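One structure follows; several queries about it will come next.
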Amino acid sequence: MIKKYKSILFAAFTSFSCVATANVTVKWNEVDYTFDSTVRLTDVLSKLELGTNIYWPSAALFIPNDVTLERARQSSLSNLHLLTINLPSDTHEQKRVFTNLTNELQQWHLAKRVSVQIDYDLARISKAHNPQFDDGYYVLSLQERRESLEITGAVNNTVKAKHLPHTDVSEYLNSANISSLANKDIVIIIQADGRIIEAPTAYWNRQHQEVMPGSIIYVPFKESLFTPQYAELNQQIVALAKNRLSK
């Protein structure tokens, strides 16, 4: 059973004195940890009672309440709404796809993902992996290894599939109800460590590509001269998925 994720909230405020100093507060399991200066990752994690089952490849640092991300979400929702209302009345499958994706996007918890690797062991031996927390407000997400991954996008229903070690991404598509709107030649993987990988999945262009546990497989909409809006929609949703703070 996957336990709920744990998040560490970092709140940093600059004082209004002549000399700028940082006051960093770390919230962990309803307990506040306060630092009176800028701190590094090891300073924070050393104060916490971390479990031994953390899956460090998926550990991530986020900055919440990002206005740009919320605008991108609203733009995606607007595009999906326009696509839905312009559908002929007898296109039930397409409407179901757009409605499902709309509901998914509305529920996502978004925060800007910081491009830094979070790994306690690496941070203790390498300054490059021991970032400093400056003034700001951060969320550090630490989770146990998940046993599933998510498939969304141009599918009739978003599904969770069991993670299979050493398995090509194309094998997961058998458990997804892919719609007629999908580009069936590729998928886009938003790996749990934040990497975005475009993976060919057709029999003629397939290359072995594995998926990390806890990742998202996005099935893109098929772009064409008649549906240019799908290109923007695909880009927007992939960007949002990278900046999704998982529960």
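I want to confirm something. Restricting to the range 79-100 and keeping residues that are at pLDDT 90 or above and more than 19 Å from PHE226 (Cα to Cα), which single residue is farthest from the chain's Cα centre (by Cα)?
ARG96
Can you tell me which residue within the range 162-187, out of those that are free of Cβ contacts under 8 Å to residues at least 12 places away in the same chain and more than 21 Å from the chain's Cα centre (by Cα), is surrounded by the most Cβ atoms within 10 Å (Cβ to Cβ)?
GLU171
So the check is Cβ under 6 Å with 6+ separation or different chains; which pairs have a first residue in the range 195-221 that's over 20 Å from VAL97 (Cβ atoms) and free of Cβ contacts under 8 Å to residues at least 60 places away in the same chain and a second one that's of a type in the set (Asp, Glu) and surrounded by fewer than 18 Cβ atoms within 10 Å (Cβ to Cβ)?
ALA202/ASP185; HIS208/ASP168
Please verify whether ALA192 is in contact with a Ser or Thr (Cβ under 9 Å, 6 or more places away or on another chain), crowded, with 19+ Cβ neighbours inside 10 Å, at pLDDT 95 or above and part of a loop (DSSP other than H, G, I, E, B), treating the condition exactly as stated. Steps first, answer last, please.
Values: in contact with a Ser or Thr (Cβ under 9 Å, 6 or more places away or on another chain): yes; crowded, with 19+ Cβ neighbours inside 10 Å: yes; at pLDDT 95 or above: yes; part of a loop (DSSP other than H, G, I, E, B): yes.
The answer is yes for ALA192.
Related question: Within the bounds of the range 78-87, is there any residue that is surrounded by 13 or more Cβ atoms within 10 Å (Cβ to Cβ) and not in a helix (DSSP H, G or I)?
Checked the range 78-87: at least one residue is surrounded by 13 or more Cβ atoms within 10 Å (Cβ to Cβ) and not in a helix (DSSP H, G or I).
Continuing with this model, one more query. Answer yes or no: is there a residue in the range 137-150 that is touching a Lys or Arg at 6+ places or on another chain (Cβ under 6 Å) and closer than 21 Å to ALA239 by Cβ. Walk me through how you get there before you give the answer.
Initially, the range 137-150 is screened for residues touching a Lys or Arg at 6+ places or on another chain (Cβ under 6 Å), giving 142, 144, 148, 150.
Still in the list and also closer than 21 Å to ALA239 by Cβ: 150.
Checked the range 137-150: at least one residue is touching a Lys or Arg at 6+ places or on another chain (Cβ under 6 Å) and closer than 21 Å to ALA239 by Cβ.
I've got another one for you. What are the pairs, 6+ residues apart or on separate chains, where a residue within the range 42-61 that is in a helix (DSSP H, G or I) has its Cβ under 6 Å from a residue that is of a type in the set (Asp, Glu)?
So the pair list comes out as TRP56/ASP119; PRO57/ASP193.
What is the residue count in the range 195-239 for residues that are of a type in the set (A, V, I, L, M, F, W, C), crowded, with 21+ Cβ neighbours inside 10 Å and closer than 24 Å to SER141 by Cβ?
Number of matching residues: 4.
Here's something else I'd like to know. Only one residue in LEU77, LEU61 is in the same structural domain as VAL155 (by TED's automatic domain parsing) and under 27 Å from TYR138 (Cα atoms). Which one? Quick ask: steps written out before the conclusion?
Numbers: LEU61 fails: in the same structural domain as VAL155 (by TED's automatic domain parsing).
Just one listed residue meets the conditions, LEU77.
Only one residue in ALA202, ALA182 is touching a Lys or Arg at 6+ places or on another chain (Cβ under 7 Å), within 24 Å of SER75 (Cα to Cα) and of a type outside the set (D, E, K, R), so which one is that?
Result of the check over ALA202, ALA182: ALA182.
Next up: Check whether at least one residue in the range 150-159 is out of contact with any His (no Cβ under 8 Å at 6 or more places or on another chain), without any contact (Cβ under 8 Å) to a residue 60 or more places away in the chain and either in a strand (DSSP E or B) or not assigned by TED's automatic domain parsing to the domain that holds HIS92 (or both), and report yes or no.
The answer is yes; a qualifying residue exists.
So for the range 119-142 (the condition being among the charged types (D, E, K, R), closer than 19 Å to ARG195 by Cα and in a strand (DSSP E or B)), does at least one residue qualify?
no
The values are calculated or read from the model by the stated rules, or taken from the named source; none is laboratory data. Keep in mind that this is a model prediction, so the values were computed, not measured. Using ideal geometry, Cβ is built from the backbone for each residue, glycine included, and neighbour counts are taken over all protein chains shown.
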